[in-house]
Amino acid sequence: IQEYHKLHERVFTCSAGDVFEWTSASRTPREETTMKADYMGKALGLLAYDAIALGEKDLAYGRAYLQQAATDHGLNLVCANAVDMATKELLFPAYQIVEREGVRVAFIGVVSPERHITAQVESALLDHKIEIKDPTEMTLKVLDEVRAESDLVVLLSHTGIETSEFLCEDLPVDVVIVGHYPAIQNEPKDVGGTVFSMAGSKSDRFGTLDLTLSADLSEVTEFSGDAIRLLAKG
C-alpha cells in the first residue's frame, strides 16, 4: 500500500463502474452480497481512487448504501445520468476534478440507460426509485463548466463498447474509459479524435493509460497503454 500511494502521487486512478457487483437475493444471500460490497468499499478507500463511476450493479444497492460507503471510506463516486425518479435530481455528483503536478483532470461518470441489464437489477433500480437518463444529454449539461475548470476530460463510460463509441462521436471529451463489457483491449485506440481504452472486467486486469499533452495542456498529442493481467497463472 505504501508503494502504491507513492505511485499515486504521480498518477490518476479511476474505475468505470460495477465495483460493488450486486447480485439478486435469489442467487446470493443478501448478507453475503453486502459483506462483499463492504470489503470492496474498504479496499477502494485504501487505494484512494480519484473517481469511481457507478454502474447499474452499484446503483442496485440504492443511494443510501452508496452514500454511506462513500462517507465511511472516502470514495469519490460519480454519475452524471442517474437521477431520483421523483425529484429528477442527480443521486451523486456528475464529475470529480483532480489536480496533480499542475494538470487538472475531470472524471465524468455515466451508466447505460439501455435495457440489456438483468431483470433483477432493473427491479432493484425501480425499488430504489432510480432513473437512468440519456448519457449524452446529461453529460452535455455539465461539459461547459467541466471544461472551464479542467485541462483534460475523461468520460468513465459504463455503457459497453458500442454506446461508448457513439459517445466518442457525440461528446467533445479527451478520453473514454469503457466499463460494462468484459472485452479486453490491450492497447488504447483513437475513435474520432478521442482516446478509447478498455481493460475488461471483474478486476482481472489493470488498465494503464499514458498520455502526453501539448505544452498548453489543450490536447493529447500521444498515448499508449496496456491491460495488465493481475491474476496470471504461472
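Side notes on the structure shown:
- Filter pass, ASP151 being of a type outside the set (S, T, N, Q) and open to solvent by less than 50 Å² (accessible area, probe 1.4 Å): yes
- Whichever residue in the range 122-144 is open to solvent by 20 Å² or more (accessible area, probe 1.4 Å) and farther than 24 Å from GLU169 by Cα and, among such residues, is nearest to the chain's Cα centre (by Cα): GLU131
- Residues in the range 76-92 that are touching a residue at least 40 places away in the same chain (Cβ under 8 Å) and either buried (at least 24 other Cβ atoms within 10 Å of the Cβ) or not in a loop (DSSP other than H, G, I, E, B) (or both): VAL78, ALA80, ASN81, ALA82, VAL83, ASP84.
- Yes/no for THR212 being modelled with pLDDT of 90 or more and open to solvent by less than 20 Å² (accessible area, probe 1.4 Å): no
- Yes/no for SER157 being under 30 Å from ALA215 (Cα atoms) and touching a residue at least 40 places away in the same chain (Cβ under 8 Å): yes
- Just one residue in the set TYR65, TYR95 is touching a helix residue (DSSP H, G or I) at 6+ places or on another chain (Cβ under 6 Å), open to solvent by 10 Å² or more (accessible area, probe 1.4 Å) and of a type outside the set (Gly, Ala, Ser); that residue is TYR95.
- A count restricted to the range 159-172 and to residues that are open to solvent by 10 Å² or more (accessible area, probe 1.4 Å) and hydrophobic (A, V, I, L, M, F, W, C) stands at 2.
- Top-ranked residue of the range 51-62 - restricted to ones that are more than 10 Å from PHE92 (Cα to Cα) and not small (Gly, Ala, Ser), ranked as most open to solvent (accessible area, probe 1.4 Å): LYS57
The values are calculated or read from the model by the stated rules, or taken from the named source; none is laboratory data. Worth saying up front: this structure is predicted, and the values here are computed from it rather than measured. Note: ideal-geometry Cβ built from the backbone for every residue, glycine included; neighbour counts use all protein chains shown. Only protein heavy atoms, including side chains, enter the accessible area calculation; ligands, DNA and RNA are left aside. Shrake-Rupley method; radii C 1.70, N 1.55, O 1.52, S 1.80 Å.
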